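Please read the structure below before turning to the comments.
The values are calculated or read from the model by the stated rules, or taken from the named source; none is laboratory data. If you're wondering where the values come from, they're calculated on a predicted model, not measured in any experiment. Cβ placement follows ideal geometry from the backbone for every residue including glycine, while neighbour counts extend to all protein chains displayed. Accessible surface areas use protein heavy atoms only, side chains included; no ligands, DNA or RNA. Shrake-Rupley method; radii C 1.70, N 1.55, O 1.52, S 1.80 Å.
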Amino acid sequence: MAIINGTRSTKKEKIKLEINAEVLEKINQYCTWADIDDVSYFFEEAACFVFSKDKDFKSHQKAIKRTNKTSIES
């Protein structure tokens, strides 16, 4: 079963990136297998997956929110 699936959000920004050719080949194979017709969707969903699993990043985001909340209340 594919990990990445679903619908795309509406607001998009264009980016340019360079990646290893072998990694791109695997991404293209995955997209074909998972019936993903837009490789940008793969990158967006992969990034969201990383954000959801990275506990240190989540802690960092919470610290920023606490700092911002404290600054607003002062």
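Annotations
- Surface composition of the chain: carbon plus sulfur atoms contribute 56% of the solvent-accessible area (1.4 Å probe, protein chains only, all chains present).
- In the context of the full set of protein chains, the chain has a per residue accessible area of 92 Å² (1.4 Å probe).
- Range in the chain, longest, excluding exposed trypsin sites (Lys or Arg not before Pro) [loop by DSSP; at most 14 other beta-carbon atoms within 10 Å]: 17-74
- Farthest toward the positive end of the dipole of the chain, out of Ala47, Cys31, Ser71, is the Cα of Ser71, where the dipole comes from beta carbon charges about the Cα centre.
- Tilt relative to the chain, helix 55-73 - C-alpha long axis, 0 to 90 degrees, to 10: 40
- Zone of Lys69's modelled label, taken as backbone nitrogen in segment 37-57 under 19 Å from a point 7 Å along Cα→Cβ: 56-57
- Rounded to the nearest 20 debye, the dipole size of the chain about its Cα centre is 620 debye, using +1 on the Cβ of Lys and Arg and -1 on the Cβ of Asp and Glu.
- The Cα trace of the chain gives Rg and Dmax of 16.7, 53 Å, the first to one decimal, the second as a whole number.
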